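Enquirer: Can you keep this structure in mind? I'll have questions shortly.
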There are 4 protein chains.
Amino acid sequence: MDKTFASFTAPFTASGRAALVPPPPWHYAGWLINVGVRLDTTHGAELVPARLGRLTGKGCIHFADWQATTDGSELLDPVYSQYRETIVITEIERPDGSLYNYCPFIWVDQDISLLRGLLQGWPKKLGTTHMTRSLPIDHAAAAKIKAGNRLGASLSVKERRLIEAKLTLTGRPGQPLGFLTNKVVGAVGLPDLTRPDAPPRLHWVLPDIRDKVASDWHDAEASLAVLPHPVEELSLLGTPEVIGASVGWLGMSVAGATPLPE
Amino acid sequence: MDKTFASFTAPFTASGRAALVPPPPWHYAGWLINVGVRLDTTHGAELVPARLGRLTGKGCIHFADWQATTDGSELLDPVYSQYRETIVITEIERPDGSLYNYCPFIWVDQDISLLRGLLQGWPKKLGTTHMTRSLPIDHAAAAKIKAGNRLGASLSVKERRLIEAKLTLTGRPGQPLGFLTNKVVGAVGLPDLTRPDAPPRLHWVLPDIRDKVASDWHDAEASLAVLPHPVEELSLLGTPEVIGASVGWLGMSVAGATPLPE
Amino acid sequence: MDKTFASFTAPFTASGRAALVPPPPWHYAGWLINVGVRLDTTHGAELVPARLGRLTGKGCIHFADWQATTDGSELLDPVYSQYRETIVITEIERPDGSLYNYCPFIWVDQDISLLRGLLQGWPKKLGTTHMTRSLPIDHAAAAKIKAGNRLGASLSVKERRLIEAKLTLTGRPGQPLGFLTNKVVGAVGLPDLTRPDAPPRLHWVLPDIRDKVASDWHDAEASLAVLPHPVEELSLLGTPEVIGASVGWLGMSVAGATPLPE
Amino acid sequence: MDKTFASFTAPFTASGRAALVPPPPWHYAGWLINVGVRLDTTHGAELVPARLGRLTGKGCIHFADWQATTDGSELLDPVYSQYRETIVITEIERPDGSLYNYCPFIWVDQDISLLRGLLQGWPKKLGTTHMTRSLPIDHAAAAKIKAGNRLGASLSVKERRLIEAKLTLTGRPGQPLGFLTNKVVGAVGLPDLTRPDAPPRLHWVLPDIRDKVASDWHDAEASLAVLPHPVEELSLLGTPEVIGASVGWLGMSVAGATPLPE
């Protein structure tokens, strides 16, 4: 690429203005519904390459309603800043015994986040997430943070419902779960079409996270259903058993990535 | 309709389960961006029938991010509860000198709300609203309620941007505006296809509102742009001049409607 | 409504330009996948009011990819002309022994068609239809009209897959099916919010159809699946048994409606 | 990547079933509206790196309504096969004097095609294309291939209308235009987040196209409008002057890519 071209991603122009993804830092803030789960590890080797590690059986399904911005301008034109996603997190133990998180599946409803995800090693595809929001007023439709109030979340992929969660707030303090607890190893790589028979060589990276802030987390009881799908492979995780749930707000910034230590 | 059929709206079945809109009460809670405006009244008689009243020149553009429920079940499956809409409110003076609000234009992104609107005399069509949300954390992407923080809102109709607003929070208390200040007269009526040359006979109604609660309103400075559109008729309101803006959360319930007093 | 207001439907303005639905005639042309079915009539009285008639057990699921226009202008801005829908047709026998079609359920992906449908007594809600198109070239992705070529169609409602069909063209001439064979009785009526406890009084109408043209119909073998749904009530029709299928193109115009003869 | 993992793209699993993009060959068939244009070359060096070549001033805007499949299965579940896109094609002269096409901008409405495009060097982002279809029946809404019939096409990106075209069929044979006439050089490359300050190193590739078939092309007169946009950079091509237009159906397959000869 000629040095005078500034685009961080396609399309490639001198100014870089039209690039789908501007360079980091990327700032995110969102409303999160976290459902901690125990997962079947029987098929773990079909999800996590042996060289990377093995499933411990701990995991989390996150539903997230994000705002993202680089320089603040996206907040003035929120079609550029907002998106929702459903994130499957599995805890892995590396061959050296260290613990990380790994995301085998994630679905988002917007292109900027999809590509930003691929750059970070989040395996994003399009999918549609809905999640009840908790509003700071006391009303039958507001799902205020208060014991007994109920919330729902769902994911649909290619117009089939894939994940459903129902939560009841307990009024107790909650725990951070899933990607809130440990760094997520990303798997970065695209195939080379000049060698169309070869799957891509992957690189493992860790995100460079800064300015992480969170509200209190609020405890919830939850039920979760994973439905059959002809393409998606969530069934590799068995029938997730809910072991905890929480809701709250998170902000964080990503400045880049570092290679996963060998 | 046979008495044994329970559907409040189509489709019509014995149980009424599949009806697009269940009977009221309907409970709503949402995040609102309100931009108060002064409107040109020159073309008012093309928007408000003389028998109903005349424009006073006061108005408001609302951007709303709603959750709605009847019995709480929609909050567990939020694809049924959530939608966003942009609402144009004009103040009218009735022939008897009384003041009301009237909604000449409104666009929503979901069918349940669209039909519920037509029943109430809100002239809803599909349109896509985006609006920055204020999250209760201090982060570059969170647009927290705090002096100097910025938010945006937009409406697109049939894939053309129609309204854009940009706001800066001032840190001062804000005012309720638009439909938050006075009841909105609804214009209810559908044409009869057996007389396809006749426009519908309209009935004017007032909503039966209950359980209204609001957060504090937060003041903002705002700019607003209304863009040309080949179908929409916002140009009948001239170039709106912003006279105030506020943001906050509202909850309310609608139990039915009453005829507008003659 | 003051006579000077021209809008056929909301919003109501003097010019009528912004009205969601202009007055008929409405011209439609589309690509149709028709799956003829035998339906369980056990629950027929929960779908068809006794005064209107009873299910005969014959029916059809149509998937339709439409273009609609009034004066031709919508064809120049096709976001206004195009939509897809899935139509459930049941044959009914009226108390006097006459045979008609009746549509208990229909889902469309666009607002103009949704409201035009309600005016005609089609119980439209939003839903997403996908259907393979047959292109006039011989290529692996073209699904050309040719024996052995395969096509699919699907409907999703509120992000859950509801109906799936798979077809194989036989190369034989096909039959018109469903609404292509007999007029469809429409059930028109909206509830009155000033009496929120009363379901609407329905009026039965027949469409005034003109200028009907069709391509040849092409025969197909088909399989059909109707999936469970928490809101939709297709289960009232039992498990539809496919008795024939066809594909082709149809054009027709609707000039208004007439009351169903008593 | 461990050899036992089959995914061609993310997500990465042993079976590869959930991968967003399966390996080629990819088979495409679609309906095309092609508007040939003369482009301003003043800002060409901001669009095409000097090392690759320079704009000749010839170009084309394509609107395409595609079906794509690998093994035929997507045609049975068309939510996986169908998408629409708008393609900007510019002719370039390489430093050695050879002529190619280059695509500076392209917008698609689906994730599979988006990623497949990035692999081929098409700079895809999400955008919404609408285009009138020509149906093989003679009706006011069918836009049949016949002199005098009119069609429209449009692109919207992030809910702003960006390109509009209006066509009138002349009844004369038409020409293939744009990417139908010469191979399109792809610009492949993603940035490396471990070096977040560096734009990506691009590789130039040519597609390995097979089984290309087309219907007749049908001539049209066309007008084209490119509208301002705060992010997109179509203004770098000046005000395109229409020099010809055609419509028709195309099928082709892509088996991989080859490096662009130096």
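The values are calculated or read from the model by the stated rules, or taken from the named source; none is laboratory data. All values reported here derive from a predicted model rather than from experimental measurement. Neighbour counts run over all protein chains shown; Cβ positions are idealised from the backbone, glycine included. Heavy atoms of the whole protein, side chains included, go into the accessibility calculation; ligands, DNA and RNA do not. Shrake-Rupley method; radii C 1.70, N 1.55, O 1.52, S 1.80 Å.
Enquirer: At 1.4 Å probe size, with every protein chain present, just tell me what the per residue accessible area of the range D:66-106 comes to in Å².
Expert: Dividing the accessible area of the range D:66-106 by its residue count gives 25 Å².
Enquirer: Express the relative contact order of chain B as a whole percentage, based on alpha carbon pairs under 8 Å and six or more residues apart in sequence. Intermediate values should be presented prior to the final figure.
Expert: Values: 661 pairs, mean separation 55.3, N = 262.
Answer for chain B is 21 percent.
Enquirer: Can I ask one more? As a check on your reading of the symmetry: which chain B residue has its Cβ nearest the axis that brings B onto A, and how far is it in Å?
Expert: Residue plus distance in Å, as requested: B:P136, 4.
Enquirer: Please work out the Cα convex hull volume for chain A and give it in Å³ per residue. Don't jump to the answer; show the numbers that get you there.
Expert: On the way: hull volume 39.0 nm³, N = 262.
Taking only Cα atoms, chain A has a hull volume of 149 Å³ per residue.
Enquirer: Round to a whole number: what % of the accessible area of the protein assembly as shown belongs to carbon and sulfur, probe 1.4 Å?
Expert: Working: 18290 of 35810 Å².
About 51 percent, which is the carbon plus sulfur part of the accessible surface.
Enquirer: For D:L162, which sequence-distant residues (separation of 5 or more, or a different chain) have an amide H within less than 5 Å of its own amide H, given hydrogens modelled in the peptide plane?
Expert: HN-HN under 5 Å from D:L162: D:L155, D:S156, D:V157.
Enquirer: Averaged across the residues of D:233-244, what count of C-beta atoms belonging to other chains lies within 10 Å of each residue's C-beta? Intermediate values should be presented prior to the final figure.
Expert: Details: counts 9, 1, 0, 5, 0, 0, 0, 0, 0, 0, 0, 0.
Whole-number average of other-chain Cβ neighbours for D:233-244 is 1.
Enquirer: Can you sort A:I92, A:I209 by 1.4 Å-probe accessible area, starting with the largest? Display every interim value, and only then the final one.
Expert: Details: A:I92 0, A:I209 60 Å².
Descending accessible area places them as A:I209, A:I92.
Enquirer: With only Lys, Arg, Asp and Glu charged, each at its Cβ (+1 for the first two, -1 for the last two), find how big the charge dipole of the protein assembly as shown is about the Cα centre; round to the nearest 20 debye.
Expert: Values: 100 positive and 108 negative charges, 0 e Å.
Dipole size: approximately 0 debye.
Enquirer: Return one whole number: the accessible area per residue of the range C:147-209 in Å², for a 1.4 Å probe.
Expert: Working: 2560 Å² over 63 residues.
On a per-residue basis, the range C:147-209 sits at 41 Å².
Enquirer: Provide, for chain D, the number of lysine pairs with alpha carbons under 17 Å apart, each pair being eight or more places apart or on different chains. Could you put the intermediate results ahead of the total?
Expert: Numbers: D:K58/D:K183; D:K124/D:K158; D:K125/D:K158; D:K144/D:K166; D:K146/D:K166; D:K183/D:K212.
Final tally of qualifying lysine pairs is 6.
Enquirer: Take the Cα pairs of the range B:13-159, get the Kirkwood Rh, then feed it into Stokes-Einstein at 4 °C and 1.567 mPa s and tell me D in µm²/s. Intermediate values should be presented prior to the final figure.
Expert: Numbers: Rh = 17.3 Å.
The estimated diffusion coefficient comes to 75 µm²/s.
Enquirer: Over the whole of A:87-99, what's the average partner chain Cβ count within 10 Å per residue? Rounded to a whole number, please.
Expert: Values: counts 0, 1, 0, 0, 0, 0, 0, 0, 0, 0, 0, 0, 0.
The mean count of partner-chain Cβ atoms within 10 Å per residue comes to 0.
Enquirer: So, one more: Could you work out the mean count of beta carbons from other protein chains within 10 Å of each residue's beta carbon in B:77-84? List each step's numbers first, then the result.
Expert: Numbers: counts 13, 11, 12, 5, 6, 4, 0, 0.
Rounded to a whole number, the mean comes out at 6.
Enquirer: Still on this structure: Nearest 500 deg cm²/dmol is fine: what mean residue ellipticity at 222 nm does chain D get from its DSSP H runs of n ≥ 4 alone, each adding -39,500 (n - 2.57), divided by its residue count?
Expert: Numbers: 1 runs with 10 residues, N = 262.
Estimated from H runs of four or more residues: -1000 deg cm²/dmol.
Enquirer: Follow-up question, since we're still on this one. Using only Cα atoms, what Kirkwood radius does the protein assembly as shown have, in angstroms?
Expert: Numbers: mean 1/r = 0.0335 Å⁻¹.
For the protein assembly as shown, the Kirkwood estimate is 29.8 Å.
Enquirer: I've got another one for you. What is the Å³ per residue value for the convex hull set by the Cα atoms of the range D:1-42? Show your work: numbers first, answer last.
Expert: Working: hull volume 6.9 nm³, N = 42.
Taking the convex hull of the Cα positions in the range D:1-42, it is 165 Å³ per residue.
Enquirer: Going by a 1.4 Å probe on protein heavy atoms, which residues of the range B:132-146 end up with at least 10 Å² less accessible surface in the whole assembly than in their chain alone?
Expert: Those are B:T132, B:R133, B:L135, B:P136, B:I137, B:D138, B:H139, B:A140, B:A141, which lose 10 Å² or more relative to the chain on its own.
Enquirer: If you don't mind, another one. If only Cα atoms are counted, what is the Rg of the range D:71-114, and what is its Dmax, in Å?
Expert: Cα-based Rg and Dmax for the range D:71-114 come out at 15.6, 46 Å.
Enquirer: Kirkwood hydrodynamic radius of the range A:40-98 from all distinct Cα pairs, in Å? Show your work: numbers first, answer last.
Expert: Working: mean 1/r = 0.0716 Å⁻¹.
Over the range A:40-98, the inverse of the mean reciprocal pair distance is 14.0 Å.
Enquirer: Could you give the dipole magnitude of chain D about its Cα centre, charging the beta-carbon of Lys and Arg +1 and that of Asp and Glu -1, in debye to the nearest 20? Before the final figure, lay out the partial values.
Expert: Details: 25 positive and 27 negative charges, 34 e Å.
Here the size comes out at about 160 debye.
Enquirer: What does the convex hull of the Cα atoms come to per residue for the range C:71-221, in Å³? Mind dumping the intermediate values first?
Expert: Details: hull volume 26.9 nm³, N = 151.
Enclosed volume per residue, from the Cα hull, is 178 Å³.
Enquirer: Counting pairwise Cα distances across the range C:100-162, what percent come out greater than 14 angstrom? Kindly include the intermediate steps, with their values, before the conclusion.
Expert: Numbers: 1267 of 1953 pairs.
The calculated P(r) of the range C:100-162 puts 65 percent of pairs beyond 14 Å.
Enquirer: Related question: Between B and D, buried accessible area summed over both sides at probe 1.4 Å, in Å² to the nearest 100? Write down the numbers at each step before the final one.
Expert: Numbers: alone 13830 and 13850 Å², together 26990 Å².
The B and D chains share an interface burying roughly 700 Å².
Enquirer: Still on this structure: Can you give the alpha-carbon Rg of the range A:150-214 over 2.2 N^0.38 Å, where N counts its residues?
Expert: On the way: Rg = 18.7 Å, N = 65, 2.2 N^0.38 = 10.7 Å.
For the range A:150-214, the normalised Cα radius of gyration comes out at 1.74.
Enquirer: Suppose you put the label 7 Å out from Cα in the Cβ direction; list, shortest first and in nm with one decimal, how far A:A255 is from each other copy's label.
Expert: 4.9, 5.8, 7.4
Enquirer: Sort out for me the Cα centre separation of the range C:76-129 from the range C:148-186, rounded to whole Å.
Expert: 14
Enquirer: Ranked from highest to lowest mean number of other Cβ atoms within 10 Å per residue, what is the order of the peptides D:102-108, A:34-40, D:221-227?
Expert: On the way: D:102-108: 25.3, A:34-40: 23.4, D:221-227: 16.9.
Those peptides, ordered most packed to least, come out D:102-108, A:34-40, D:221-227.
Enquirer: Hey, what's the range B:5-59 come to in accessible area per residue, 1.4 Å probe, Å²? The partial results should precede the final answer.
Expert: Values: 1680 Å² over 55 residues.
Using a 1.4 Å probe on heavy atoms only, each residue of the range B:5-59 averages 31 Å².
Enquirer: Taking every Cα atom in the range A:10-84, find the radius of gyration and the maximum pairwise distance Dmax, and write them in Å.
Expert: Rg, Dmax (Cα atoms, Å): 18.2, 50.
Enquirer: Would you mind giving the average projected area, over all directions, of the Cα convex hull of the range A:163-262 in nm² with one decimal? Don't skip to the answer; put the middle values down first.
Expert: Values: hull surface 38.1 nm².
Averaged projected area of the range A:163-262's Cα convex hull equals 9.5 nm².
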